[in-house]
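Heads up: the structure comes next, in structure tokens.
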Amino acid sequence: MHSATSQGPSELTTERLVLRSWTTAEAAAVLTDTVRPADWAEDFPADGDRVIAALFDDNPAWLGLHGHRLIIERDSGLVVGSIGLFWPPAEGAVEIGYGVVASRCGRGYATEATRALATFALTAPGVHAVVAGVERSNPASVRVLEKAGFERYALSGVEPGDGVVRFGLTTSSGQARR
């Protein structure tokens, strides 16, 4: 991963991707679906992108430095997904979520973006863990987190059959705990 300092804090650049903060205009375009920007992959936005865009009004911090970002393929300049931190952190832990459009799945973009944003999140004051919950029925997403360096952990009081696997990445080599 390259440092964000060369592009400013609203962009993170990796080998193949740029993670850039959403603008309010982009969120509006996702919601209205009337004006389709030329720099979107043909299958962007996905359903998850629409859900996140609809929540920005109630969660303005998600449009900030430690919020949600568009995943942009550097070679083509196209938006191919989104990734974000559900800010603010709770007890030093912040949750991450991500999605890559179907036409770009299987290329390692989700892992690359997750690794970059999680690393960035761990530099924020007061953040010591980045956590994620993944449906057991989604093994591809489980692999994204494992490849990005996250470790499985259990929450006390959560039944093993709830269908969600919890992962965490911490500032130390240990597992994340809440």
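A few points about this structure:
- Extreme residue, modelled with the highest pLDDT, among residues of segment 66-83 that are surrounded by 15 or more Cβ atoms within 10 Å (Cβ to Cβ) and not in a strand (DSSP E or B): Leu78
- Inter-residue pairs, beta-carbon under 9 Å, first more than 26 Å from Glu91 (Cα to Cα) and in segment 101-130, second assigned to a helix (DSSP H, G or I) and acidic (Asp, Glu), 6+ apart: Val101/Asp49
- The set of residues from segment 101-126 being polar (S, T, N, Q) and either out of contact with any strand residue (DSSP E or B) (no Cβ under 7 Å at 6 or more places or on another chain) or open to solvent by 20 Å² or more (accessible area, probe 1.4 Å) (or both) comprises Ser103, Thr111, Thr119, Thr123.
- Condition check for Leu12: within 27 Å of Gly168 (Cβ to Cβ), of a type outside the set (Phe, Trp, Tyr) and open to solvent by 30 Å² or more (accessible area, probe 1.4 Å): no
- Leu63 vs. criteria open to solvent by less than 80 Å² (accessible area, probe 1.4 Å) and either within 22 Å of Gly149 (Cα to Cα) or modelled with pLDDT of 95 or more (or both): no
The values are calculated or read from the model by the stated rules, or taken from the named source; none is laboratory data. Please read all numbers here as calculations on a predicted model, not as lab measurements. Cβ coordinates were reconstructed from backbone atoms using ideal geometry, including for glycine residues, and neighbour counts include every protein chain displayed. SASA here: full protein model, heavy atoms, side chains in, ligands and nucleic acids out. Shrake-Rupley method; radii C 1.70, N 1.55, O 1.52, S 1.80 Å.
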